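In what follows, a structure is listed as structure tokens, so that the remarks can point back to it.
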Amino acid sequence: MTRLLAFFLSPAVLLAAQPNLMPWPAKISMGQGSLAIDGNFHIAPMGNPDQRLTAGATRLIRRLALQTGIPIAEGFRDPDHGTLVIRCDSAGDTIQKLGEEESYRLEVTPQQASLSASNPIGILHGLETFSQLVEPSANGFVVPAVVIEDKPRFPWRGLHLDVARHWMPLEVVKRNLDGMAAVKLNVFHWHLSDDQGFRIESKRFPKLHELGSDGHYYTQDQVRGLTAYARDRGIRVVPEFDMPGHATSWFVGYPELASAPGPYQIERKWGVFDPAMDPSRESTYEFLDGFIGEMAALFPDEFFHIGGDEVNGEQWKKSQRVQGFMREHGFNDNHELQAYFTKRIQALVTKHGKRTEGWEEVLAAELPKDIVIQAWQRQEPLAIAARRGYASILSAGYYLDHMEPASTLYQVDPFEKESAGLTAEEKAHILGGEICMWTEYVSPENVDSRIWPRTAAIAERLWSQQEVKDVVSMYRRLEAVSRRLDWLGPTHLSSYLPMLRRMAGDDPIAPLKLLADVVEPADLDPRDETGKYTQQTPLNRLVDAARAESTTARQFAALVDNMDRVRIRSWLTLWRDNDAQLEPTLRKSFLLAEDMPLSKDLNRLGAIGLEALDFIERGQHPPAAWLSEQKTFLEQAKKLHAEVRIAVVPSIEKLIERTK
Amino acid sequence: MTKLLAFFLSPALLLAAELNLMPWPAKIALGQGSLPIDHTFQVAIVGNPEARVRAATGRLIAHLSLQTGIPLAGELAQDPSKATLLIQCDHPGEPVQKLGEDESYRLEVTEKQVRLNAENPLGIVRGVETFLQLIAPGQHGFVVPAAIIEDKPRFPWRGLLMDVGRHWIPADVIKRNLDGMAAVKLNIFHWHLSDYQGFRIESKRFPKLHELGSEGLYYTQDQVRDVIAYARDRGIRVVPEFDMPGHSTSWLMGYPELGTVPGPYQLQRTWEVFDTTLDPTRESTYEFLDGFIGEMAALFPDEVFHIGGDEVNGEQWKKSEHIQAFLREHHLKDNRELQAYFNKRVQAILKKYGKRMEGWDEILNSDLPKDIVIQSWRGQESLAEAARLGYSGVLSSGYYLDHMRSAAIHYLVDPLEKESANLTGEQRSRVLGGEACMWGEFATAENVDKGIWPRTAAIAERLWSPPEVRDVASMYRRLEMVSRKLDWLGLTHNSSYHTMLERLAAGDRLGPLKTFADVLEPPEMGLRVETGKYTQQTPLNRLVDAVPAESKTARDFATLVDKMDRSEIRAWLTLWRDNDAKVRPTLENSFLLVEDVPLSEDLSRLGAIGLEALNDIERHEHPTAAWLAEQRTFLEKAGKLHQELLIAIVPSIQKLVDRAAR
């Protein structure tokens, strides 16, 4: 063992010769040769203390068959004949625990691969690593000889999905759990209620889902199926019921829970609204005792998320009863009132055997130390919580709906910024992070394209060693992971063309795709500001189809950095000439008419870029008038049009800079 | 009513208006204006005689929402006058869908409302699909053009066969294809459930059939019931086929005593006609079949039961002494008569269980009762002969999807032409329709959709629409639109192309590989079998497995050449000429693609030759005889199969060269 370890290289050195692994393993040592993957591929599970192993192994076989197109028989062999031997001697916890062992060791030789772990979860992660190693070679599909010893940096690596603002059917959740497992995420945070919908069946309080969901809710059987599906993939499911704010959908069926009489309607718009639970009535806590009891029995995980964010206090301010209650209890402001509420709820959660999690706002209350704080606005509360001895996780910086590129998300580290100065003991309170997918502008059709592939970059941040942070390498591997996810069911790649076709009607989509390939959607604030969106607004425009990050723009930026003049010229020519082909299509469709100025801008960007390139090639400097004209135009072209932005503008600016 | 009908135009005239309908309706009259489709869309149902109407409405709303991206709540309108779509159907359908059950409907779209009426829920199921096809984005929103459609099928039997015996096809793949079938108004799913290579259904009475004959790849009876209910909801009958007495090795794994020779047997892995045959001389064979057919007859509600009956080579019978003795004893002249004896026995069992027998054209024999159905596959002649003898017939010859012919070829095959052309009126009425056949030698769950779609939509039009609807250019234009709409139903004929190319490119840029693949076509099944290298376990992950049956690029290019659109022709030729250099590293890096290097070189040369020919044409110069001879030799070679692939633009390049020589 020591001898092998001696060959392990530092992650930075190894990224040079890297296989397409993501997240990058803690230790990896490449060997000589490779193991062939063909129709005789067999898995030999040894020990097999837990049915998750055979389920995971069967999924691997199916995945390999899909990925390679080779029919591979399901079923297992003895170790002498197995291509991949799996050894795991003990069963995992009956309910997956925070911090449960996830490490594994994978050794591949040209003869055999062996995967060992002390806990089944490690095996599940190792199987994902194995499937990422399979690549076509000159002689067939192979896995390179390698020794990997791997374990996560953080024990809490989550994805949060808001199913309230836009309903997400069960199969959407499932395919995203498959995606999570592929990149070794281990917590699914299910945001089940908000102003715009209550998405789970309550047998005790049926008006919650009957009146609060428009019929779009999960039955308890579906929820049990989903938690089992997640457990099979090494993923914990933490439910969130947001209280006391973000709770309008509860009040449609039970207006007596609110701080003003009602009646209430399901909220259709996006924002922070006034309705909040009434913290002054005992009946509120009686109701929540019953409800939390029901849900605590349904969700096996030890954590229960109570929300707690964005209470504007308007209803409390206007309620005489609440004001009287505050005076009676000597509360100075709404923060203190919410802290009281939080403490009461926390006690109920404890009573039902769970640990409480909440958004950073709940830090205001004096709560026992077993709770978990989720920092969402800034990184600071993460550090504050850690200093005060609370466990915490980071979501600030991991908001997918802000439409930031993978490179930005990738560099957000729970141990940096405000956390950098923490002591080791304080740092130990930081459990990891959670990626947040809020769904104001996301439908089942495009949600995968907002989650993937960027989530894989954050998953690497949370799993891999802190020094793994080379952005070029990340993008190269991210693309490979993205293609692999295609085989698992996420539709982040496949939904693109049908959405473009829908807009183009009968016309060919190639010109539209050329435009769509270079635009990026606005983040949520400018879309909110338009004031035109409700839950029922169709999300079927260019902004909804465009990918969160333009691969074309990123690749073009690299060409400009390298001054690859031939390829720069061919892109610029394509863009310059595209509008003539695209314009008739844009004119015809009501979904596209708004994009005409964008297409014109792209045409001009191509033309300007070509002129700049001509200047550069001839060694000439452009006249000042030309420069100032283009500068004015570029300022305008940078702005949002139809809620998208042309992502190649900065590269065109660079080209122009270079003419000087 | 009469006044309206006066405006109906003949189908041929109306194709000019180019709505994206397929199959084209029997009668259509376009009106003025259009009906907007937005989030206020609501359906009201009047009459509502059975659950299928409500289910069809639910699917309509879900598909509409998918197709347009408009979120729709799915609640029915309480007030019919406020509904966007008013569905009226007064009578329930048959509890088990019948052959010839009424499928007609009337769809009237005005600027205010759509009305869909039908006598039978099947008509509603059909009309809903027509309505979905009419929706298109306009300048102000999604719209449906004002129109009146009165529609009904030409033939009552419009089927698709899927072979799940050779390669296993999971139930979810079947279901998405049932959705595709419903979209083009097909009404029979012919489920080929057993063959040499696999027995794909659970038998509770004879469990060794699926336990030993399927390698675990079979449908449970619950799954089968679920598929049947799914099909019924979509107006599709499910006809099961258990192929006998040949094509039956998989039965004999568990029950070798049914075979003519003692066994033991192994599942066959290759694609050919094997000797294995059930023993038609033992009473025990019929006792077994009585039990088995009894079980399956209870599981499958349809009145028709397909017994196969094809490709019995008789080798085992010839060599078997007890069979020969049986022939003598029963005065049977030959194997053909022996099979006829077998068919009669099986037919009697089917009758006992209340079923009509269907079989491949080999079973045609005037001794059988007239209620059987003959499926013509070896030629159209047997269809005509069956009709003359008083039997019902279904045409599959000319509709074999695995032959990888173009949609245009299938489209022009008509059950009432060729040998059927001079049947009498009464005889013609026995020609029930046709069935597209998707045999499974080279079809897996991954690429079977591509084998079936979109070409099946062209066959579906042949079987539904009036015979004079046969304009190929219009068909292709509409076929493309249907193909895209099928995407929303979950069919993978478009999306799998991309993922399969991604697998081959293994991370390289896809563009050049796609440019290359776009001009290639796979050969028919027989030529692939002849290579001798395929078994059931051979991966179908090469370029030949990824490319669609028909190259759209080649077809579009042929049109450009016919029109001599020189600038477009030049752009394509240049792209092809320059592509080899771009795609070569990708081809050479992958064991799956390296075999295709010569093809890529050929494509590059085809581009170069085409450009030279085009230059000559533009300059009004004639190429030299030596150049012509050299290119013609090359074109001869380039037109042949390489690595089981054809470069589909060769005939167009040939045309350019010929034009230059003129």
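The values are calculated or read from the model by the stated rules, or taken from the named source; none is laboratory data. These numbers come from a predicted model, not from an experiment. No Cβ is skipped: glycine too gets one built from the backbone with ideal geometry, and neighbour counts run over all protein chains shown. These area figures cover heavy atoms from the full protein model, side chains too; ligands, DNA and RNA do not enter into them. Shrake-Rupley method; radii C 1.70, N 1.55, O 1.52, S 1.80 Å.
Keeping every protein chain in place, order B:Leu611, B:Leu527 by accessible area at 1.4 Å, biggest value first, i.e. largest first. Let's see the in-between values first.
Numbers: B:Leu611 15, B:Leu527 75 Å².
If we order B:Leu611, B:Leu527 from most to least accessible, we get B:Leu527, B:Leu611.
B:Lys370: which aspartates and glutamates have alpha carbons under 19 Å from its alpha carbon, excluding same-chain residues fewer than 8 sequence positions away?
Cross-link targets: B:Asp302, B:Glu303, B:Glu337, B:Glu358, B:Asp361, B:Glu362, B:Glu381, B:Glu385, B:Glu426.
The range A:491-534: which residues show an accessible-area loss of 20 Å² or more, assembly versus chain alone, 1.4 Å probe?
Correct list: A:Pro498, A:Arg501, A:Arg502, A:Gly505, A:Asp506.
Is the shape of chain B rounded, prolate or oblate, going by the alpha carbon gyration tensor and its root eigenvalues a ≥ b ≥ c, with a/c under 1.5 for rounded and a/b larger than b/c for prolate?
Numbers: a/c = 1.76, a/b = 1.11, b/c = 1.58.
Oblate.
With a cut-off of at most 14 other beta carbons within 10 Å, and DSSP calling the residue loop, which GluC sites (Glu not before Pro) in the range A:162-245 qualify? Please list them.
none
For the range B:216-343, with only Lys/Arg (+1) and Asp/Glu (-1) charged at the beta-carbon, what is the dipole magnitude about the Cα centre, in debye rounded to 20? Could you put the intermediate results ahead of the total?
Details: 11 positive and 22 negative charges, 34 e Å.
Charge dipole of the range B:216-343: 160 debye, to the nearest 20.
Determine the per residue accessible area of the range A:223-331 with all protein chains present and a 1.4 angstrom probe, expressed in square angstrom.
Accessible area per residue: 35 Å².
Which percentage, to the nearest 5, of the DSSP beta bridges contained in the range B:179-312 is antiparallel?
25
Taking the Cα centre of the range A:128-244 as origin, work out the dipole magnitude from +1 charges on Lys and Arg Cβ and -1 charges on Asp and Glu Cβ, in debye rounded to 20.
Here the size comes out at about 300 debye.
Any idea which of A:Gln411, A:Leu539, A:Asn40 is furthest toward the positive side of the dipole for chain A, if Lys and Arg beta-carbons carry +1 and Asp and Glu beta-carbons -1?
A:Asn40
Show me the ranking of peptides B:616-626, A:274-284, A:215-225 by mean Cβ neighbours inside 10 Å, starting with the highest.
Answer by packing, highest mean first, reads A:274-284, A:215-225, B:616-626.
Show me the ranking of peptides A:396-406, B:313-323 by mean Cβ neighbours inside 10 Å, starting with the highest.
For the peptides A:396-406, B:313-323, the packing ranking is A:396-406, B:313-323.
Among the residues of the range B:487-524, which ones have their accessible area go down by 50 Å² or more when all the protein chains sit together, as opposed to their chain alone (1.4 Å probe)?
The answer is B:Trp488, B:Thr499, B:Arg503.
Given the whole protein assembly as supplied and a 1.4 Å probe, what does the accessible area of A:Lys469 come to in Å², nearest 10?
A:Lys469 exposes around 80 Å² with every protein chain in place.
Please compute the modelled spin-label separation between A:Lys638 and B:Glu50, points set 7 Å along Cα→Cβ, answer in nm with one decimal.
Placing both labels 7 Å along Cα→Cβ, they lie 6.6 nm apart.
Heavy atoms of the protein only, probe of 1.4 Å, neighbouring chains included. What is the accessible area of A:Ser259 in Å², nearest 10?
Near enough 10 Å² of accessible area.
In whole Hz, what ³J(HN,Hα) sequence does the range B:283-300 give by Karplus (6.51, -1.76, 1.60; θ = phi - 60°), x for Gly and Pro?
Values per residue, Gly and Pro as x: 4, 4, 4, 6, 5, 4, 5, 4, x, 5, 5, x, 5, 6, 5, 6, 6, 9 Hz.
Just how far, in whole angstrom, is the range B:334-400 from the range A:329-344 if you go by their alpha carbon centroids?
84
Which distance in nm do the two modelled labels at A:Asp289 and A:Glu657 give, with both placed 7 Å along the Cα-to-Cβ direction?
With each label point 7 Å from Cα toward Cβ, the separation is 6.5 nm.
When the accessible area of the range B:491-639 is computed with all protein chains present and a 1.4 Å probe, what percentage of it is carbon and sulfur? Write out the running numbers ahead of the final one.
Working: 3220 of 6150 Å².
C and S atoms contribute 52 percent here.
Could you derive backbone 3J(HN,Hα) for the range B:544-552 from the dihedral phi with the Karplus parameters 6.51, -1.76 and 1.60 (θ = phi - 60°), listing whole Hz in sequence and x where the residue is Gly or Pro?
For the range B:544-552, the Karplus curve yields 4, 7, 8, 6, x, 4, 9, 7, 5 Hz.
Using the alpha-carbon centroid of each, what span in Å lies between the range A:602-660 and the range A:238-293?
What the calculation gives is 53 Å, centre to centre.
Using the Cα gyration tensor of the range A:232-329, with a ≥ b ≥ c the square roots of its eigenvalues, what is the shape: rounded (a/c below 1.5), prolate (a/b larger than b/c) or oblate (neither)?
Note, shape of the range A:232-329 comes out prolate.
For the protein assembly as shown, what is the charge dipole size about the Cα centre, in debye to the nearest 20, if Lys and Arg each add +1 at the Cβ and Asp and Glu each add -1 at the Cβ?
With Lys and Arg at +1 and Asp and Glu at -1, about 940 debye.
Please give the contour-minus-distance gain from B:Glu321 to B:Arg477: 0.36 nm per residue of separation, less the Cα-Cα distance, rounded to one decimal in nm.
Full extension from B:Glu321 to B:Arg477 adds 50.2 nm.
If I compute solvent accessible area with a 1.4 Å probe over the protein chains, what percent of it on the range A:515-588 is carbon and sulfur?
49
Please report how many Lys pairs in the range B:133-262 have alpha carbons closer than 27 angstrom, counting only residues at least 8 apart along the chain or sitting on separate chains.
Lysine pairs, 8 or more places apart or on different chains, close enough: 5.
Within the range A:89-114, name every residue whose backbone N is under 18 Å away from a label modeled 7 Å from Cα of A:Glu302 along the Cβ vector.
Flagged as within label range: A:91-103.
Can you give the mean number of other chain Cβ atoms that lie within 10 Å of the Cβ atoms in peptide A:65-78?
Averaged over the peptide's residues, the number is 4.
Between rounded, prolate and oblate, where does chain A land on the alpha carbon gyration tensor, with a ≥ b ≥ c its root eigenvalues, rounded for a/c under 1.5, else prolate if a/b exceeds b/c? Can you show the working numbers first?
Details: a/c = 1.76, a/b = 1.11, b/c = 1.58.
Oblate, because a/c is 1.5 or more while a/b does not exceed b/c.
How many square angstrom of accessible surface are buried between B and A, both sides summed, with a 1.4 Å probe and rounding to 100? Spell out each step's value before the answer.
On the way: alone 25760 and 25320 Å², together 48370 Å².
Using a 1.4 Å probe on protein heavy atoms, the buried area is about 2700 Å².
Using mean Cβ contacts within 10 Å as the protection proxy, how do B:453-464, A:141-152 order, highest first?
Details: B:453-464: 26.8, A:141-152: 20.7.
In descending order of packing, they fall as B:453-464, A:141-152.
Hey, rough spin-label estimate for A:Arg327 and B:Ile409, points 7 angstrom out along Cα→Cβ, what's it come to in nanometres?
If labels sit at A:Arg327 and B:Ile409, their model points lie 9.2 nm apart.
Leaving out ligands and nucleic acids, and using a 1.4 Å probe, what accessible area per residue does the range A:69-146 come to in Å²?
On a per-residue basis, the range A:69-146 sits at 38 Å².
With a 1.4 Å probe on protein heavy atoms only, tell me which residues of the range A:446-485 lose at least 40 Å² of accessible surface in the complex relative to the chain by itself.
Flagged in the range A:446-485: A:Arg483.
How well do other chains shield peptide A:585-592, expressed as the mean number of their Cβ atoms within 10 Å of each residue Cβ?
Mean inter-chain Cβ contacts per residue within 10 Å come to 3.
Set the bar at 26 Å for Cα to Cα. Now go through B:Lys98/B:Lys450; A:Lys417/A:Lys469; B:Lys319/B:Lys355; A:Lys354/A:Lys417; A:Lys97/A:Lys343 and name every pair that lies beyond it.
From the list (B:Lys98/B:Lys450; A:Lys417/A:Lys469; B:Lys319/B:Lys355; A:Lys354/A:Lys417; A:Lys97/A:Lys343), the Cα-Cα distance tops 26 Å for B:Lys98/B:Lys450; B:Lys319/B:Lys355; A:Lys354/A:Lys417.
Round to a whole angstrom and tell me the spacing of the C-alpha centers of the range B:14-69 and the range B:524-578.
Cα centroid to Cα centroid, the span is 36 Å.
What is the set of long-range amide H partners of A:Met46 at a cut-off below 5 Å, with H atoms built 1.01 Å from backbone N?
When sequence neighbours closer than 5 places are left aside, the close amide H contacts are A:Ile86, A:Arg87, A:Cys88.
Counting heavy atoms of the protein chains only and a 1.4 Å probe, report the per residue accessible area for the range B:496-577 as a whole number of Å².
38
Rounded to whole Hz and in sequence order, give me ³J(HN,Hα) for the range B:30-39 from the Karplus expression 6.51 cos²θ - 1.76 cosθ + 1.60, θ = phi - 60°, writing x for Gly and Pro.
7, x, 9, x, 7, 9, x, 10, 9, 5
Quantify, in whole percent, the carbon and sulfur part of the accessible surface of the range A:36-153 (1.4 Å probe; protein heavy atoms only).
Carbon-and-sulfur percentage of accessible area, whole number: 48.
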